[in-house]
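The structure appears below as structure tokens.
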Amino acid sequence: MSKSSVAAQDLTEAFFSCLPKGKKQQYSEAQWGATLQQFYKEAGKIRARYRLGVLGRALTAYHFQKRLFEAGIDSDVVRKVVFSLLLNAFHPGA
């Protein structure tokens, strides 16, 4: 298994562990904001742990996106989460 695949698995686990607990509930903007901030911190740690370069970050984001789709997450939510991940935790200055 490639480094980017393993990092994507870690990202997926981090994302789901950061979600507010409860089945199929609607999350408020404040809950999503707090969830995403916590997720970005975890994603930054994952990026550092695997020493992901530019290509590694891109591949990891791609694998992470696929895993979210496979988990049944709405495509609009996946798009927003992956895009915000790239901007907040995986950009070159992070």
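The values are calculated or read from the model by the stated rules, or taken from the named source; none is laboratory data. Please read all numbers here as calculations on a predicted model, not as lab measurements. Methodologically, a virtual Cβ is constructed for each residue, glycine included, from the backbone with ideal geometry; neighbour enumeration extends over all protein chains shown.
If you filter the stretch 41-66 down to residues that are touching a Phe, Trp or Tyr at 6+ places or on another chain (Cβ under 9 Å) and of a type outside the set (A, V, I, L, M, F, W, C), you find that the one that is surrounded by the fewest Cβ atoms within 10 Å (Cβ to Cβ) is G44.
Looking for something closer than 17 Å to N88 by Cα and either assigned to a helix (DSSP H, G or I) or modelled with pLDDT under 95 (or both) - is there at least one such residue anywhere in the stretch 17-29? There is at least one residue in the stretch 17-29 that is closer than 17 Å to N88 by Cα and either assigned to a helix (DSSP H, G or I) or modelled with pLDDT under 95 (or both). Is there a residue being part of a helix (DSSP H, G or I), under 14 Å from L11 (Cα atoms) and among the charged types (D, E, K, R) anywhere in the stretch 61-68? Checked the stretch 61-68: at least one residue is part of a helix (DSSP H, G or I), under 14 Å from L11 (Cα atoms) and among the charged types (D, E, K, R).
Cβ separations smaller than 8 Å between residues 6+ apart or across chains give the following pairs from the stretch 42-60 residues that are under 13 Å from L85 (Cα atoms) to residues that are among the acidic types (D, E): I46/D10.
Going by the conditions given, is D76 within 11 Å of the chain's Cα centre (by Cα) and of a type in the set (D, E, K, R)? No. Scanning the stretch 62-94 for residues that are aliphatic (A, V, I, L, M) and free of Cβ contacts under 8 Å to residues at least 40 places away in the same chain gives I73, V77, V78, V82, L86, L87.
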